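The values are calculated or read from the model by the stated rules, or taken from the named source; none is laboratory data. Only a predicted model underlies this, so the values are computations on that prediction, with no experimental measurement involved. Heads up, the Cβs are rebuilt from the backbone with ideal geometry, glycines too, and the neighbour counts pull from every protein chain shown. Just so you know, the surface numbers come from the protein's heavy atoms only, side chains and all, with ligands and any DNA or RNA stripped out. Shrake-Rupley method; radii C 1.70, N 1.55, O 1.52, S 1.80 Å.
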Amino acid sequence: VQLVESGGGLVQAGGSLRLSCAASGRTFSRYHMGWFRRAPGKERELVAAMPWSGGSTYYIDSVKGRFTISRDNAKNTVYLQMNSLKPEDTAVYYCAAAGIFSNYHEVEDYDYWGQGAQVTVSS
């Protein structure tokens, strides 16, 4: 499956951005989807994830209550709505897909990756 992110950019602290990730190539609805980020000098981290069924979502503690992951299977797209952005949210954000039998909480289970979208939050 091919993944292409869009929607990154520069925003002031407290602002909002919505990232989109368009998928093509295989049956999107049969994949768990996740959003990751990598800040300069830091490890990649799983920010939010949603199983193929659209059930229980996962969020890293630092974004709970501010970020929302959603998916539209009819449009083969997953979104990350980011509100109340903070300078520490600055990073390259990647969407990724994991097969239906994978554990969507596990970074190592994601097989397909987008090219990344830069999000910069100014103070």
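Per-structure values
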read-out: Any hit, region 56-63, residues being aliphatic (A, V, I, L, M), farther than 16 Å from TYR31 by Cα and modelled with pLDDT of 95 or more; value: yes
read-out: Residue within region 44-56 that is open to solvent by less than 40 Å² (accessible area, probe 1.4 Å) and free of Cβ contacts under 8 Å to residues at least 12 places away in the same chain present; value: yes
read-out: Test for GLY15: is it surrounded by 14 or more Cβ atoms within 10 Å (Cβ to Cβ), touching a Leu at 6+ places or on another chain (Cβ under 8 Å) and either β-branched (Val, Ile, Thr) or at pLDDT 95 or above (or both); value: yes
read-out: Condition check for ALA39: farther than 16 Å from ASN103 by Cα and of a type outside the set (Lys, Arg); value: yes
read-out: Any chance SER62 is among the hydroxyl-bearing types (Ser, Thr, Tyr) and either free of Cβ contacts under 8 Å to residues at least 24 places away in the same chain or not in a helix (DSSP H, G or I) (or both); value: no
read-out: Residues that are open to solvent by less than 70 Å² (accessible area, probe 1.4 Å) and under 14 Å from the mean Cα position of the chain (by Cα), drawn from region 18-38; value: LEU19, SER20, CYS21, ALA22, ALA23, TYR31, HIS32, MET33, GLY34, TRP35, PHE36, ARG37
read-out: Some residue of region 65-72 being open to solvent by less than 20 Å² (accessible area, probe 1.4 Å) and either modelled with pLDDT of 95 or more or of a type in the set (S, T, N, Q) (or both); value: yes
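Yes/no per residue for (1) modelled with pLDDT of 95 or more; (2) open to solvent by less than 20 Å² (accessible area, probe 1.4 Å); (3) under 15 Å from VAL4 (Cα atoms):
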residue	(1), (2), (3)
PRO40	no, no, no
ASN76	no, no, yes
LEU85	yes, yes, no
VAL92	yes, no, yes
ALA96	yes, yes, yes
SER102	no, no, no
HIS105	no, no, no
ALA117	yes, yes, yes
